[in-house]
Amino acid sequence: MPEAPSPSTPQTKASHHAVLAGFLGWTLDAFDFFVVAFLISTLAQQFHVTRKDIILTTTATLAMRPVGALIFGLLADRFGRRIPLMANVIYFSLIELACGCAPNFTVFLILRALFGIGMGGEWGVGASLAMEATPRRWRGILSGMLQSGYSWGFLLAAVAARFVLPTLGWRWMFWLGSLPALLALYIRAKVPESEAWLHHRASSTMQVLRVVLAHWKRFAYLVVLMTFMMFLSHGTMDLLPDFLQEIFHATPAASANVIIFANLGAVVGAILFGHFSQLIGRRYSMISSLALCMATLPFCAFGSTLTGVTFAAVLLYAGVQGAWGVIPVHLSELSADAARGLMPGLAYQLGILFAAPTNTVEYALRGRVGYPWAIAGFELVTICALLLLLSFGAEDHNKSFTSSDKS
C-alpha cells in the first residue's frame, strides 16, 4: 500500500485548497438561497403579493438547478473543473447582486429562477473537484466538511437576518450575497486542476453523455435517492422560520436564533456522520443518521415551547445533515470516471427538480392539518422511503479515482 502523503506534500495542499474552495462555494451559495426564507413576509409586503407567491420563488430556484448542473457539469467533464467553477461563482454572485435591485415581483421571480442555474452548477463541480483531490482515507470526514457548507450558509443567512435586516434593510441581504465573486480569485490562484479529470478526460461532450447513458440504471438510482434526500432537507429547513413565527409567534430575531443553534448541530452532524461513513460504510452511516431524525422529529414538530423546539431542532438538523454529509463522497464514488463532473451534480439537481414543490406542498398541507402535522407527516414518509432505498442500494466505498490514488 502506498504511503499516505505527509501534511506538507503538494497533493495534500491541493486537497486542502480544493475542499476549501468547494466548501466556501457551497456555503455562499446556500446563504444566497436561504436569504429568501427569512424575507418571506418582508418581500410579500415590499412587492404587494402574498407569502405564497414569495415561497413560489424558492420553488423556481429549485426547479432551475438541473439546468445549471447540466451546463456546468458538461463543461467540467469536457474542459476541467477549475474554469467552470470560477465562471459559476461569478455568475451566481452577479445574479444575487441583481436580486437586491429588483423593482417588482416579476423581475424578482425571474432573477431567482436564473439564480437556480448558478446554484445548480456549483455543487457538482465543486464536489467532484474536492473529492478527486482528497486521499481516500480522508474522504468521509472531508465530505462531511464540504457538505456542512450548506448549514453554514443557512447559519450566515440567519445571522444576516438577525443583524443586517433590521439595520440596513432587505436589499443588503442580497448585496452581501454577491461577495462570493471574490472566491474566483482564490480558485484561480490556489486550486490545481483535478488529476482524476486528466486521467479520464472525455474527448467530446457527446462522449460524456454516452457514458451517463451507459450507466443509466445507476444514474436513475441516484436521482431517486437524491429526490428523497431533498424532501428530507427542504421539508425540515426551508419553512422553519415561518413555522416558528406562526406557531410560537416568534419574532424574526428569535427565529434567527433558533436557526443559528440548529445549524451548529447540523455542522457537527455532517462532519461526524461523514467520518463514520469511512468506518462503517456510506449507507450504514446514512441509516444511522436517519434513525436520529426519526427519534427527534416529533419533538421538533410538536414541541410546546420555543426552547424545547430549539433543542429538538439541533438534534434533528444533526441527523438531516449527517445523512447529507455522506452524499458528496457517496455520489462521487458511485459515478462513472469520465462523467464525475456531470453525474453527481445532475442527479443531485434532478432530485431538486422532482422535490421542488416540497415547500408548496407542505404549506398547502398546513392549511388542512396544521403546520406540525404537515411537517411531521411529510418527513415520516420521506425517512421511511430513504431507509428502504439505502437498505437495498448500491455502494462503492473507497473507490479509486486514479491509478495513483493515495489511501
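The values are calculated or read from the model by the stated rules, or taken from the named source; none is laboratory data. Since this is a predicted model, take the numbers as computed values, not measurements. Using ideal geometry, Cβ is built from the backbone for each residue, glycine included, and neighbour counts are taken over all protein chains shown.
Of the set (1) surrounded by 16 or more Cβ atoms within 10 Å (Cβ to Cβ); (2) not in a helix (DSSP H, G or I), all apply to Ser400 but (1). Residues that are closer than 14 Å to Leu346 by Cβ and in contact with a Pro (Cβ under 7 Å, 6 or more places away or on another chain) within the range 66-98 comprise Phe72, Leu75, Ala76, listed in sequence order. Exactly one residue out of Ala374, Ala364 is farther than 21 Å from Pro66 by Cβ, of a type in the set (Gly, Ala, Ser), surrounded by 18 or more Cβ atoms within 10 Å (Cβ to Cβ) and free of Cβ contacts under 8 Å to residues at least 24 places away in the same chain: that is Ala374. Screening Ala220 with (1) surrounded by 23 or more Cβ atoms within 10 Å (Cβ to Cβ); (2) over 17 Å from Leu292 (Cβ atoms) gives one miss only, at (1).
Of all residues in the range 1-60, those being assigned to a loop (DSSP other than H, G, I, E, B) and either under 23 Å from Val258 (Cα atoms) or at pLDDT below 85 (or both) number 11.
The set of residues in the range 276-300 that are farther than 13 Å from Gly319 by Cα, in contact with a Leu (Cβ under 9 Å, 6 or more places away or on another chain) and of a type in the set (A, V, I, L, M, F, W, C) contains only Phe299.
Looking only at the range 76-88, which residues are surrounded by fewer than 22 Cβ atoms within 10 Å (Cβ to Cβ) and either of a type in the set (Ser, Thr, Tyr) or in contact (Cβ under 8 Å) with a residue 12 or more places away in the chain (or both)? Step through it out loud before you land on a result.
Start the filter on the range 76-88 by keeping residues that are surrounded by fewer than 22 Cβ atoms within 10 Å (Cβ to Cβ), which leaves 78-80, 82-83, 86-87.
Once the filter is applied, which keeps residues that are surrounded by fewer than 22 Cβ atoms within 10 Å (Cβ to Cβ) and either of a type in the set (Ser, Thr, Tyr) or in contact (Cβ under 8 Å) with a residue 12 or more places away in the chain (or both), the range 76-88 yields Arg78, Gly80, Arg82, Met86, Ala87.
The rows are residues; the columns are (1) farther than 30 Å from Ala318 by Cβ; (2) among the polar types (S, T, N, Q); (3) within 21 Å of the chain's Cα centre (by Cα); (4) surrounded by 17 or more Cβ atoms within 10 Å (Cβ to Cβ).
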residue: Ser203; (1), (2), (3), (4): yes, yes, no, no
residue: Val211; (1), (2), (3), (4): yes, no, no, yes
residue: Ala214; (1), (2), (3), (4): yes, no, no, no
residue: Phe231; (1), (2), (3), (4): no, no, yes, yes
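Restricting the search to the range 89-139, which residues are touching a Lys or Arg at 6+ places or on another chain (Cβ under 6 Å), crowded, with 24+ Cβ neighbours inside 10 Å and of a type outside the set (A, V, I, L, M, F, W, C)?
Going residue by residue through the range 89-139, those that are touching a Lys or Arg at 6+ places or on another chain (Cβ under 6 Å) are 100, 116, 119-120, 125, 128-129, 135.
Going one step further and asking which of them are crowded, with 24+ Cβ neighbours inside 10 Å, we end up with 116, 119-120, 125, 128-129.
Matches in the range 89-139: Gly116, Gly120, Ser128.
Looking across Leu388, Leu380, one residue alone is free of Cβ contacts under 8 Å to residues at least 12 places away in the same chain and aliphatic (A, V, I, L, M). It is Leu388.
Among the residues of the range 272-303, those that are farther than 24 Å from Arg366 by Cα and free of Cβ contacts under 8 Å to residues at least 12 places away in the same chain comprise Ile280, Tyr284. Is there a residue in the range 248-255 that is crowded, with 17+ Cβ neighbours inside 10 Å, farther than 30 Å from Glu395 by Cβ and hydroxyl-bearing (Ser, Thr, Tyr)? Within the range 248-255, one or more residues are crowded, with 17+ Cβ neighbours inside 10 Å, farther than 30 Å from Glu395 by Cβ and hydroxyl-bearing (Ser, Thr, Tyr).
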